[in-house]
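FYI, it's all coordinate maths here, none of it is from the lab. This one's a predicted model, so the numbers in the text were calculated from it and none came from an experiment.
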Amino acid sequence: MRYLTKVTIGIALLLSAAIFGFFYAWVCSTMWGLDGTDPRVAIKAMQAMNGSVRNAVFAPAFFGTPFALWVAATLVWRQESQRSALLFAAAGCVYFFLGLVLTMRVNVPMNETLALVEVPESIEEAKAIWEAYSSKWQVWNITRTITSGLAFVLALAGVFAYSSREKGASRLSLAG
C-alpha cells in the first residue's frame, strides 16, 4: 500500500508541476511574444496553438491532475495521515475549480470565439481584435497560473506532511 501511495503521490506531483509549468509558460513567454508581433500573425498563431493543444500528451496534466491529487489524498487518509490528506484534497480542489473549470468556462470559450475569426488584412482591425482578446485572456491565464502554482505548493506540503508522519511512525516502531 505504501508503494502505491508513493507512486500516486509522484504522479500527482508530476501532473501538478506540468500544468503549472504549462500555464506559467503562457504568462512569461508565449503571450508576450504574440503581443510583440504583427497582430494578424498573433491571431493565426493563437488559433493554431488552441487547435493543437487538444491532444493525448496534454490531457493527462489538464484533466488528470485533480483526480491524481484526490487519489493521493484518499491513500494517505487510509494510512491515517489526515494533514497530508487534507493538503492533497485541497490542492485537487484548488486546481479543479480555479484551473480546470476556470479554463473550460472562460479561456476555452474565448479560444473558440477567436477560432471563428477570419484574420483581417488590415493591421488596425487585427490589432483591435488581438488586444481585446489578449488582455482579457491573460488576466484569466494569470489567475489559473497562480492557482495551479498554489495547488502544486499544497501538494508539496502534503508530501512533507506525509513524509514527516512516516518518519515519526518508523521511529515509534524502532523504539517499540
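Tabulated data for the structure shown
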| quantity | calculated |
| --- | --- |
| Taking the chain and dividing mean pair separation by its residue count, relative contact order in percent (alpha carbons under 8 Å, at least six apart) | 36 percent |
| For the stretch 2-163: rounded, prolate or oblate by the Cα gyration tensor [a/c cutoff 1.5] | prolate |
| Projected area, mean over directions - the stretch 1-80, Cα convex hull, nm² | 6.0 nm² |
